[in-house]
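One structure is given here, and the rest of the page talks about it.
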Amino acid sequence: MSSEWPLWEIFIRGQHGLNHRHVGSLHAPDAEMAIRNARDVYTRRNEGVSIWVVRSNDITASSPSEKGPLYDPSNSKVYRHPTFYDIPDEIGHM
Amino acid sequence: MYAQLVKSEGSKSRDEMTPEEIAFQDRIDRNEKIEPKEWMPEGYRKTLIRQIGQHAHSEIVGQLPEGNWITRAPTLERKAILLAKVQDEAGHGLYLYCAAETLGVSRDELLEKLHSGNMKYSSIFNYPTLTWADMGAVGWLVDGAAIMNQVPLQRTSYGPYSRAMIRICKEESFHQRQGYDIMMKMCAGTPEQKAMAQDALNRFWYPALMMFGPSDKDSVHSAQSMAWKIKMNTNDELRQKFVDQTVPQAEYLGLTVPDPDLKWNEDKGGYDFSEPDWSEFFAVIAGNGPCNAERLGARVKAWEDGAWFREGLMAHAAKAEDRARAARHAAE
Amino acid sequence: MPSLPDMTTPNLTALAGQALADSGHVAVPAPDAGQPEFVEFLQRMGDNCLILGHRVSEWCGHAPALEEDIALANQALDLIGQCQLWLGLAADIEGKGRDADALAYLRDAGAFRNLLLVELPNGDFGVTLMRQFLFDAFHIEMLRALKASSDPRVAEIAAKAEKEVAYHLERSADLVIRLGDGTDESRARMQAALTKLWSYTGEMFLDDAVDQAMSDARIAPLPSSLQAAWEKTVAAVLDEATLAAPTGAWQHKGGKKGIHTEHLGYILAEMQFLQRAYPGAKW
């Protein structure tokens, strides 16, 4: 038996989101763990999000066309935001 | 860069291309994104796997030099920030492996190639982090150099790679700033701290310049990758941009860039600077950097020690599925 | 020559006590009355988070899968965040001008109040997960009880931490079950981890004078009162994991009173190195 965890596609509906959106993929041994891993990897544990997971192999695709995923990092970890750091104006954009 | 020496497949003139290849190149020239399972030249696919794979490997090996200092961070806040940053690097590695997987290679296959030495990662991570100031220098210089390359790659032609880069750039925006913030604190601190900051700059300056890869005149693989828009700028363009941006930042800190020949060139509107020692670069790439053995050894150990964990979870998932199937049969 | 009592300065404490007794007022405790015990209790909470967070963070970059690496880092970040809150409050109540960093970085091992369990080395990933599970199952009960603390600051921190720790427990319990009921090797490793760590679980439920004072003030529960719920959680998970807890195992203790294993000294040598080598520097 291969020990490689299967690949899952992750869909998230955020607090203000409408439909679930594809945000990326990850590996997990089964669906339950895929959901938990998705919480840790793709939401950094933001609450109030709904997660769907689908095994990548189970997806039937037409010609792909989707916009790039853009997700906010967790709001509780302020140091993840660049404005947390006071960089002097003289330094310019960083 | 994080992918410094990506061997590209040979480039062809339009006359030599098949009709399919011409149509493909036209799509790229129109800035259309190429998506998984669409037709693509084998060379495009292979080059991308190498490049995205190297980039992903660099992210996860790149956890180690900074991870080194998580347990020694000087305040609880610095500890949390550093941990969050190194965690992001694991996440970025994960996104990139997933992007590579859309090209028909599995993550385990890529890891196997890293562990066996058949795939490389960025030379920068083979340098040691010796003091806390190195956490500042790595964030400021190494992430600064990486961002310089990654921002244009958001426009790369391969859809999954482009989307991974967009996500990475968004998350990474705090990384360079936290590094510079550490440097500012050190430079405004005690004389010992300032000396530590200068020492970190001295040690990381040239390795950071090497991150962009060899000089354009020696970089044989660029043309095809640029035509395919999987490389957006030449090595020398990005290196110049990095120097021009970084020198004033060093001056603000009151630190001296360790290059006696560094001077502003009014004519080109940029700095003249000394090239890094390329023989050192090739030695590090070949496995002879100060930390090559430790870095790769740590990754291999993590993988091998974790095998029972990954297998145990797969075995449980299989058992649980069997039990669920049996229960369904019993209910019928 | 022995120093003589100062004959001219009245004993202010005695005078104040006398005045209070004479006034007919009932003595009202100051807001932070019972301070030494309260500070001690808060350090126990904060030190558990700090030291376990330290141990978990040692995995960063070395975990068996990327997804696991990321999940562990989240857990360590939660614990460090909680430690900042508990030690911050401890420092405020202590009122000696220290802060959470001073408590974390400038106390020696004998002044640390964490359980022995959380300072034990990571071992293999099974030991790390089992340690986490045994502690999470205790931590969640403690935090649930603390949400009803008579001190609103404690209740507030507990409410925030409870959400995070509920997730830690969900994760650690599930992984213990999966690995216990996984391959022969994963089961053997989880059983070995359980056997090794079991002797460090009893300390969680020992009551002492500090706990009694906290319980009397309704600030915190007696640890012994959490044991039944912990045993229930642990028994259910171990049963599903096909693992068996040792019976009649010797139970180690001492962490709550500052008598630690040899491991804590090494943790602190590493953690406190910069603060010790460059006293007073700002980072």
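Going Cα to Cα from B:K301, which aspartates and glutamates come in below 13 Å? Please leave out same-chain ones fewer than 8 positions away. Once the sequence-local aspartates and glutamates are set aside, what remains near B:K301 is B:E112, C:D124. In terms of its C-alpha gyration tensor, the range C:128-231 comes out oblate, because a/c is 1.5 or above while a/b does not outweigh b/c.
Computed over protein heavy atoms with a 1.4 Å probe, the accessible surface of chain B works out to 37 Å² per residue. Net charge around C:L115, counting only other residues with Cβ within less than 10 Å of its Cβ (Lys, Arg = +1; Asp, Glu = -1)? Net of charged neighbours comes to +1. Between the range B:191-211 and the range C:144-161, the alpha-carbon centres lie 46 Å apart. For B:M148, the accessible area of its heavy atoms, probed at 1.4 Å with every protein chain present, is near 20 square angstrom.
Kirkwood hydrodynamic radius of the range C:36-274, from the reciprocal of the average inverse Cα-Cα distance over all distinct pairs: 18.0 Å. Take the Cα of B:E294, go 7 Å toward its beta carbon, and none of the backbone nitrogen atoms of the range B:99-122 fall under 11 Å from that spot.
Across the cross-link table entries B:K120/C:K160; B:K85/B:K231; C:K147/C:K257; C:K96/C:K147, which are compared at the Cα atoms, the separations over 32 Å belong to B:K120/C:K160. Taking amide H atoms as placed 1.01 Å from N in the peptide plane, the amide H of A:G24 lies under 5 Å from those of A:I10, each 5 or more residues away in sequence or on another chain. Placing one equal scatterer on every Cα of the protein assembly as shown and applying the Debye formula, the log10 ratio I(q)/I(0) at q = 0.06 Å⁻¹ is -0.40. Just the accessible area per residue of chain C, please: how many Å² with a 1.4 Å probe? Solvent-accessible surface per residue comes out at 43 Å².
Peptides B:15-23, C:119-127, B:188-196, B:60-68 ranked from most to least packed, by the mean per-residue count of other Cβ atoms within 10 Å: B:60-68, C:119-127, B:188-196, B:15-23.
Summing charges over all other residues whose Cβ lies under 12 Å from the Cβ of C:R44, with Lys and Arg as +1 and Asp and Glu as -1, gives -3. Between C and A, buried accessible area from a 1.4 angstrom probe totals roughly 1500 Å², ignoring ligands, DNA and RNA. Sorted largest first, the spans of the alpha carbon positions of chain B along the three principal axes are 78, 58, 33 Å. Spatially, the range B:276-332 and the range B:1-74 are offset by 23 Å when compared through their Cα centroids. Considering helices alone, the calculated mean residue ellipticity of the protein assembly as shown at 222 nm is -18000 deg cm²/dmol, with DSSP H runs of length four and up weighted by -39500 (n - 2.57) and normalised per residue. Contact-buried residues of the range C:246-283, at a threshold of 40 Å² lost accessible area versus the chain by itself: C:E270, C:L274, C:Y278, C:K282, C:W283 (1.4 Å probe; DNA, RNA and ligands ignored).
One decimal place: the segment C:S199-C:A148 gains 15.3 nm when fully extended, by the rule 0.36 nm per residue minus the C-alpha distance.
Accessible area buried by the pairing of C and B, both sides summed with a 1.4 Å probe, works out to roughly 4100 Å².
Local charge for C:W250 was computed over the other residues whose Cβ lies under 13 Å away, with Lys and Arg +1 and Asp and Glu -1, and equals +1.
Heavy atoms of chains A and B lose about 3700 Å² of accessible surface on contact, summed over both sides with a 1.4 Å probe. Placing R0 at 30 angstrom, the Cβ-Cβ distance between B:D267 and B:E77 gives a FRET efficiency of 0.05 after rounding to 0.05. The 1.4 Å probe gives accessible areas that order C:M271, B:M226, largest first, as B:M226, C:M271.
Aspartates and glutamates near C:K282 by alpha-carbon distance under 19 Å, same-chain residues fewer than 8 away left out - which ones? Partners found: A:D86, B:E77, B:D134, B:D181, B:E192, B:D199, C:D99, C:D101, C:E270. For the protein assembly as shown, carbon and sulfur atoms together expose 54% of the accessible surface, with a 1.4 angstrom probe and every protein chain in place. Listed by chain and number, the aspartates and glutamates placed with their C-alpha closer than 15 angstrom to that of C:K163 are A:D40, A:E47, C:D78, C:D136, C:E141; residues fewer than eight positions away on the same chain are left out. Applying a 4.7 Å cutoff between beta carbons, the unpaired cysteines of the protein assembly as shown are B:C98, B:C169, B:C187, B:C291, C:C60. Taking amide H positions as modeled 1.01 Å from N, with prolines and chain starts lacking one, the residues under 5 Å from B:I34 and 5 or more places away or on another chain are B:Y158, B:G159. Mean sequence separation of contacting Cα pairs (under 8 Å, at least six apart), scaled by the length of chain C, corresponds to a relative contact order of 22 percent.
FRET efficiency for the pair B:A195 and B:E237, taken as 1/(1 + (r/R0)^6) with r the Cβ-Cβ distance and R0 = 45 Å, rounds to 0.85.
The values are calculated or read from the model by the stated rules, or taken from the named source; none is laboratory data. Because the structure is predicted, anything quoted here is derived from the model rather than measured. In this analysis, Cβ positions are derived from the backbone assuming ideal geometry, glycine residues included, and neighbour counts consider all displayed protein chains. Accessible surface areas use protein heavy atoms only, side chains included; no ligands, DNA or RNA. Shrake-Rupley method; radii C 1.70, N 1.55, O 1.52, S 1.80 Å.
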